[in-house]
Amino acid sequence: YSISVTGSRLNEIGAECDVLIEVSSPLNSRLLVSTTMTFTSTDAKKARAARKRRPELTAAEQAAKTNLGPTASAPKQFVEEIKRDHSKKYAACSGDMNPIHLPIYCKAMGLPKPIMHGVFSLARGVAAITDAYSLATVPKLRIAAAWKLPMPVPATAHFTFGELVDVTKTEHANGLDTTKFKRHIEFLATREGKGGTLPHLRGVVSF
């Protein structure tokens, strides 16, 4: 495998960089997985100033944050109960022992509760789509995802997914390859919070 930084830039709340992770077969060097992750370092003062400059969202824009784009049929839904020890167990399983995911230690990071690993939410959503659309034997998938708000543990996560009829109606539209992939399944994970329904994760599985 290889890991490399492919880009970095300043933004209105700090700085961000793109990290490319590629995994190849040891037998024939065929590329198996290629993933780009963008990491952001936030300056608290800049972030607060940026939030103040943002215009208020309209009711339609607010609703779009917690709803899928237009789908071919009624979206499928399921609920995942994330229990108190799930983040600790997933940390041990994945090797990601970041203190933000661990009880007690998360308090040293300024968090009253641990937060669930974002990759867990991504994998749970993709697994449900794989089952629903029989994708286990599909030779190639493309997954685009963006994390929104954290998922404190314990929590009730609501997952929704459906096949898009208009790929331009998703925030991932610019990154979708409509030449190599003809079908695009959008998925969304939300939770209930003080402000109502809050977005946690949004993505698209293309095949």
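Looking at region 37-132, the trypsin sites (Lys or Arg not before Pro) that sit in a DSSP loop and have at most 16 other Cβ atoms within 10 Å of their own Cβ are LYS65, LYS83, ARG84.
Counting other Cβ atoms within 10 Å of each Cβ, which GluC sites (Glu not before Pro) in region 143-207 have at most 15 and sit in a DSSP loop? The partial results should precede the final answer.
Details: sites: GLU163, GLU171, GLU186, GLU192; in loops: GLU171.
Loop-located and lightly packed - GLU171.
Tell me the per residue accessible area of region 74-205 using a 1.4 Å probe; a whole number in Å² is fine.
Working: 7350 Å² over 132 residues.
Per residue, region 74-205 has 56 Å² of solvent-accessible surface.
Sequentially through region 102-115, phi angles give Karplus couplings (6.51, -1.76, 1.60; θ = phi - 60°) of 10, x, 6, 5, 4, 5, 5, 9, x, 10, x, 9, x, 10 Hz, Gly and Pro residues having no value and appearing as x. Taking every Cα-Cα distance in region 60-133 and sorting them into 5 Å bins from zero, the calculated P(r) comes out as 3, 13, 18, 19, 14, 13, 11, 7, 2, 0 percent.
State the antiparallel share, in %, of DSSP beta bridges confined to the chain, rounding to the nearest 5. Please report the intermediate quantities before stating the final value.
On the way: 51 of 51 bridges.
So the antiparallel bridges amount to about 100 percent of the total.
Convex hull of alpha carbon positions in region 1-124: directionally averaged projected area 12.3 nm². Per residue, the convex hull around the alpha carbon atoms of the chain comes to 159 Å³.
Here THR71 sits with roughly 40 square angstrom of accessible surface, probe radius 1.4 Å. Using a 1.4 Å probe, what is the accessible area per residue for region 10-64, in Å²? With all protein chains present, region 10-64 gives 80 Å² per residue. Given a 1.4 Å probe and the protein chains as shown, LEU149 ends up with an accessible area of around 70 Å².
Excluding same-chain neighbours fewer than eight residues apart, the lysines reachable from LYS180 by a Cα-Cα span under 21 Å are LYS140, LYS169. Surface calculation, 1.4 Å probe, protein heavy atoms: SER29 sits at approximately 90 Å² accessible. Just how far, in whole angstrom, is region 87-165 from region 5-34 if you go by their alpha carbon centroids? Answer, in whole Å: 20. Overall, the accessible surface of the chain at a probe of 1.4 angstrom is composed of carbon and sulfur to the extent of 56 percent. Residues ASP43, ASP177 ordered from highest to lowest accessible area at a 1.4 Å probe: ASP43, ASP177.
Out of the DSSP beta bridges found with both residues in region 1-89, what percent are antiparallel (nearest 5)? Mind showing how you got there, number by number?
Working: 20 of 20 bridges.
Counting only bridges with both partners in region 1-89, antiparallel ones make up about 100 percent.
The values are calculated or read from the model by the stated rules, or taken from the named source; none is laboratory data. Source: prediction; values computed, not measured. No Cβ is skipped: glycine too gets one built from the backbone with ideal geometry, and neighbour counts run over all protein chains shown. Areas reflect the complete protein model, heavy atoms only, side chains present, ligands, DNA and RNA absent. Shrake-Rupley method; radii C 1.70, N 1.55, O 1.52, S 1.80 Å.
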